[in-house]
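For reference, the structure discussed in these notes is given below.
The values are calculated or read from the model by the stated rules, or taken from the named source; none is laboratory data. In this text, all values refer to a predicted model and were calculated from it rather than measured experimentally. When we count neighbours, we look across all protein chains shown, and the Cβ atoms used for this are built from the backbone with ideal geometry, even at glycine.
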């Protein structure tokens, strides 16, 4: 049994307190002095381990390069406080996508990897961002079924542009198959987006980015997604994808119960400036931003999730709300009720930081990493 004492970041407060851990679970949480001498004391913050539901890579590796590379990505982000992570796979050929899914399926559930997210290939060419336009395609029932079968239940989420042919039918089918459907890389109208939400879509893939912008006579996907209580709104808060004022607006509109911080991190996260690869495409990291080699688009980010929390706080988001958006909210969005909060009975996934929100220690399943 361990008792960790410090400044607890709770959903609605930041207060001095303690967390008791035993057999991999949180057994008690209290404020004030601990009932027994703590085994670990920090003068910084104690918060839930972070949950990243949209990440492609980091530390020089990426999830599309096989199991060994995927485990390296997971280790990199774990060291920065992310105790649960989704492996996002970008647009590629049908054959390569099947190969990537088959390679990752056996390791999902091990370490921090909780599932796969297919970001493509069923996206809008007009809003494809860094995705190779020549590999985008309309939804194909047979391909989707084959990929889901290859994943053996590990494919948990798929991003789709709802204006594509048969997209609404696919959204309905995937929802019934208990696959989370996200709306993104889309040029859909407000009505088309609403229809997809009605069919079962519950996530906005990096809201604002890779989608038709708001117009005062046609709200488009942004207003449909931001205004619907059924939708979790992913946000890339790094100062490149979203400005501080848009970050504040999104949190205010979505509320602290629907905003979700993500990294959308690529191979370049945690690495020096220079050339890298994302989904087989050349990208360049310079001054904290990642772009395609031709400079036409942002290409993921160089974030860690804790860095996204820091940026959100710097924008004026209260610390409890920023942490909730990086822990409880994504856990709930993914259907993982056993993590994301400092509460008895949940997994003992904890992140300890200093007062500047940099990691000092990480606990996963009750074990210090």
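Evaluated against (1) free of Cβ contacts under 8 Å to residues at least 40 places away in the same chain; (2) touching a helix residue (DSSP H, G or I) at 6+ places or on another chain (Cβ under 8 Å); (3) buried (at least 21 other Cβ atoms within 10 Å of the Cβ); (4) outside any loop (DSSP other than H, G, I, E, B), residue 144 falls short on exactly one condition, (3). Could we say that residue 246 is within 19 Å of the chain's Cα centre (by Cα), surrounded by fewer than 23 Cβ atoms within 10 Å (Cβ to Cβ), at pLDDT 95 or above and not in a loop (DSSP other than H, G, I, E, B) here? Judged against the criteria, residue 246 is a match. If we scan segment 278-299, do we find a residue that is in contact with a helix residue (DSSP H, G or I) (Cβ under 8 Å, 6 or more places away or on another chain) and closer than 30 Å to residue 3 by Cβ? No: zero hits. Residues satisfying the criterion are present in segment 195-210 (criterion: touching a helix residue (DSSP H, G or I) at 6+ places or on another chain (Cβ under 8 Å), modelled with pLDDT of 95 or more and assigned to a strand (DSSP E or B)). Which residues, counting only those in segment 90-106, are without any contact (Cβ under 8 Å) to a residue 40 or more places away in the chain, under 26 Å from residue 339 (Cβ atoms) and surrounded by fewer than 24 Cβ atoms within 10 Å (Cβ to Cβ)? The answer is 103, 106.
For every residue, the table says whether it meets (1) in a loop (DSSP other than H, G, I, E, B); (2) in contact with a strand residue (DSSP E or B) (Cβ under 6 Å, 6 or more places away or on another chain); (3) surrounded by fewer than 18 Cβ atoms within 10 Å (Cβ to Cβ); (4) modelled with pLDDT under 95.
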residue	(1), (2), (3), (4)
269	yes, yes, no, no
272	yes, no, yes, no
299	no, yes, no, yes
307	no, no, no, no
312	no, no, no, no
317	yes, no, no, no
321	no, no, no, no
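Scanning segment 100-117 for residues that are closer than 14 Å to residue 65 by Cα and assigned to a strand (DSSP E or B) yields a single hit, 116.
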